[in-house]
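Read the structure below first, then the notes.
The values are calculated or read from the model by the stated rules, or taken from the named source; none is laboratory data. Note that this is a predicted model, so its numbers are computed, not measured. These accessible areas exclude ligands, DNA and RNA; they are computed on the full protein's heavy atoms, side chains included. Shrake-Rupley method; radii C 1.70, N 1.55, O 1.52, S 1.80 Å.
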Amino acid sequence: PQLRVLFQLRRTPGVTTGCLAKMLGVTVSTTSGLVAKLAERGLVSRGCSEDDRRQIPLALSEAGQELAGALAQFSRPFLKGVAEELGDDLESVAAALEKLTAAAGRVRGAEEGCS
C-alpha cells in the first residue's frame, strides 16, 4: 500500500489526502496512516495551502522521488516482457485498460475536485 501511495504522489504531486484516498480507492483514515508512515521516513512532504489551511497538499520528498524512481526501474523489465508477450494485442489491451481506469475514476468520484 505504501508503494501505491508513492507512485500515485509521483503522478499527482500536490494532491490532498482526501483526493489521494479516492484515487487509491481506500478510506481517508487508511490513507492518512500510510502518508504519516511515509512522512516519518522522510519520503513524503506535507505542504500548506494559502486558500484553506485544512487542505494539505502532499508531494514526494527528494528521497521519495529517488526511491520511487529506483523501484520503477525494477518493474520495467517485467513490463517489457508483458508487452512483448501481448504483441499485436498490446494496443487494444492498453485502450481497454484506459477505459476501465477512466470509468473507475468517474464512479469513485476522483474527477470531482480531485484532478
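In the Gaussian network model of the chain, springs joining C-alpha atoms below 10 Å, which of G64, G105, G33 carries the largest mean-square fluctuation?
Ranking G64, G105, G33 by mean-square fluctuation puts G33 first.
So with the 1.4 Å probe, I'd like the accessible area per residue for segment 6-115, rounded to whole Å².
69
Using only Cα atoms, find the angle between the long axis of helix 90-108 and the longest principal axis of the chain, and express it within 0 to 90 degrees, rounded to the nearest 10.
30
Considering only protein heavy atoms, what is the solvent-accessible area of V107 at a probe of 1.4 Å, reported in Å² to the nearest 10?
For V107, solvent-accessible area is about 130 Å².
Please report the carbon-and-sulfur percent of the accessible area for segment 1-103; probe 1.4 Å, protein heavy atoms only, DNA, RNA and ligands left out.
Carbon and sulfur together cover 57 percent of it.
Determine the order of K37, K99 by accessible area, beginning with the largest, at a probe radius of 1.4 Å.
Descending order: K99, K37.
Taking Cα atoms, how many degrees apart are the long axis of helix 2-11 and the longest axis of the chain, rounded to 10 and kept between 0 and 90?
90
Accessible surface of S29 in the full protein assembly, 1.4 angstrom probe, to the nearest 10 Å²?
Here the residue's solvent-accessible area equals roughly 90 Å².
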